[in-house]
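What follows is a short report on a single structure.
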Amino acid sequence: MSTDTMPTTRPALFRGAVAAEWTKLFSVRTTWWTALAGLLLTAASAGQLAIYAANANTNDDPADDRGIVTVGSVLIDSVELTQYAVLALGLLAITAEFTSGTIRTTLQCTPSRGRVLLAKAVVAGTVTFALGLLLGGVGVLVARPVLGDWGSAPTADTIGDIVAVATYLALVGVLALGLAAALRSAVLTLTVLFATLMIVPLSLQEPDIEVLNRIADVFPGVAGGHFLAGDAEPYPGWVGLLLLAGWAGAALVLGRAALRRRDA
């Protein structure tokens, strides 16, 4: 059998699906506007937090030394706000197609819905990770001069914090994609994400009830926070990373099930 008539292999089909998703993502203006919003939010948040930290350490009493603040800690704190600009990129990768109806064309070109969603996840995860590295670099460049003498930026730790932030944003982007595939609405997905990442965990942590606090610790936003901070309690940072990855994987499974059950 000649190579021209050989059936296309699954890896080749998947590479084609990834290439198509990559082209679609970068061919729409929303992607670029979302990236720009993330950059502006990161710069503004990191700068503002750095100002707060510097002001808290600068006063007329030289004995009142509240300590040196690492640039990485400022960057990590800024993620709480900037993540919502980044996760919008993940959810819009599929909700935009549901809104415009182009999802039908996508599924005609790639009938395997699982392959479509996985290709979208690979592209969204890769792009949000790369964007996270860029945002991390911008946050560090903004925060370092603002902190002045009250800040430090050890090279290895700062690079580690930037990579951790990028990893967190990539997983949150995939989580957003999976939920968006299931819910099909950008507004509804963003609402659910906001509740899951922030509102519900904060509500559980409010009362001083141990069991509620432990439940809050397994939510993706809290788990990601423990990972970013490198906490040892209530579990090591790597456990937080696994919990966040588990949420992202579960969202993809949910999205795949919804795509298989319902018409495009």
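Here, each number is a calculation from the coordinates, and none is a lab measurement. What you see is a predicted model, and the numbers here were worked out from it, not measured in a lab. Ideal geometry is used to build each Cβ from the backbone, glycine not excepted, and the neighbour counts take in all protein chains shown.
Taking amide H atoms as placed 1.01 Å from N in the peptide plane, the amide H of residue 70 lies under 5 Å from those of 152, each 5 or more residues away in sequence or on another chain.
Working from label points 7 Å from Cα in the Cα-to-Cβ sense, the residue 141 to residue 187 distance is 3.7 nm. Beyond 21 Å, how much of the Cα-Cα pair distribution for region 114-264 remains, as a whole percent? Of the Cα pairs, 52 percent sit more than 21 Å apart. Largest first, the extents of the alpha carbon coordinates of region 12-261 on the three principal axes equal 70, 42, 30 Å. When the alpha carbon gyration tensor of region 135-205 is reduced to an equivalent ellipsoid, its three semi-axes come out at 32, 15, 11 angstrom, largest first.
I need the shape label for region 62-140. Rule: rounded when a/c is under 1.5, else prolate if a/b > b/c, else oblate, with a, b, c from the alpha carbon gyration tensor. Intermediate results must be reported in sequence, preceding the final value.
On the way: a/c = 5.11, a/b = 3.51, b/c = 1.45.
Prolate is the answer for region 62-140, as a/c is 1.5 or above and a/b outweighs b/c.
For the pair residue 239 and residue 215, the difference between a 0.36 nm per residue extended length and the Cα-Cα distance amounts to 7.2 nm.
Helix by helix through the chain, keep the DSSP H runs that span 27 Å or more along the axis on Cα and average at least -1.0 on Kyte-Doolittle, and give those back in order. Write out the running numbers ahead of the final one.
On the way: long enough: 29-57 (42 Å, 0.59); 71-100 (42 Å, 1.27); 113-147 (49 Å, 1.51); 155-183 (42 Å, 1.77); 237-261 (37 Å, 1.14).
The qualifying helices are 29-57, 71-100, 113-147, 155-183, 237-261.
Rounded to the nearest 0.05, the FRET efficiency derived from the C-beta distance between residue 203 and residue 81 at R0 = 22 Å is 0.70.
Fully extending the segment from residue 163 to residue 27, taken as 0.36 nm per residue of separation minus the present Cα-Cα distance, adds 46.3 nm.
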